[in-house]
Amino acid sequence: MPTSNTGGDSQPRADLKEVRVLVVEDHWQVANALKSFLEAKGMKVSGPVATTADARRLATEEKPDLAVVDIHLKLETAYVLIHQLDDQGVRVVVLTGYAMLPALATKVVAVLQKPFNGPELLGALRRALSL
């Protein structure tokens, strides 16, 4: 179930068309499924990428509105990347199979526990855009 850091009752944005989203996921099946799903909703997807270095490069080049980031990548974690994206004004939705990460509570707009479904992901992205 997704969780959100916002306590407000702001109305989520319904339309995701043309929203730029960076996908950072190291499992290629999940990454490709995310890309296909988000593109089918009309979003402009950067990536997917599997490393924080590639994510930083794409974030600089593409200037995404949102990032969907798996916290635990194969050889690294994405904590520093999440802080950097937040500093750049990119709203971050974290994907994780682990418990909530208190150190990131102010840096992310939503945390989706794996496994999650399409409506949960879309709801988190819409909430992120309405902040």
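Derivation of every value follows stated rules applied to the coordinates shown; laboratory data play no part. Just so we're clear, the structure is a prediction, and the values are computed from it rather than from any experiment. When we count neighbours, we look across all protein chains shown, and the Cβ atoms used for this are built from the backbone with ideal geometry, even at glycine.
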Completion exercise
Here, trypsin sites (Lys or Arg not before Pro) of the stretch 59-124 satisfying both criteria (DSSP loop; at most 15 other Cβ within 10 Å) are Lys74
Practice task
Run down the aspartates and glutamates and flag those whose C-alpha is under 18 Å from the C-alpha of Lys17, throwing out any fewer than 8 positions away in its chain.
Solution key: Glu39, Glu62, Asp65, Glu120
Fill in the blank from the handout: When all Cα-Cα pair distances of the chain are considered, the percent exceeding 26 Å is 10
Fill in the blank from the handout: Per-residue ellipticity at 222 nm attributable to helices in the chain (runs of n ≥ 4 DSSP H, -39500 (n - 2.57) apiece, nearest 500 deg cm²/dmol) works out to -11000 deg cm²/dmol
Fill in the blank from the handout: Restricting to aspartates and glutamates and to Cα separations under 19 Å from Lys114, and discarding same-chain partners fewer than 8 apart, the set is Glu25, Asp26, Asp70, Glu76
Completion exercise
Magnitude of the Cβ-charge dipole (Lys and Arg +1, Asp and Glu -1) of the chain about the Cα centre, nearest 20 debye, reported as 180
Exercise for the section: Sequence neighbours fewer than 8 away in the same chain don't count; with that in mind, list the aspartates and glutamates whose C-alpha is under 16 Å from Lys63. Expected result: Glu18, Asp54, Asp86, Asp87
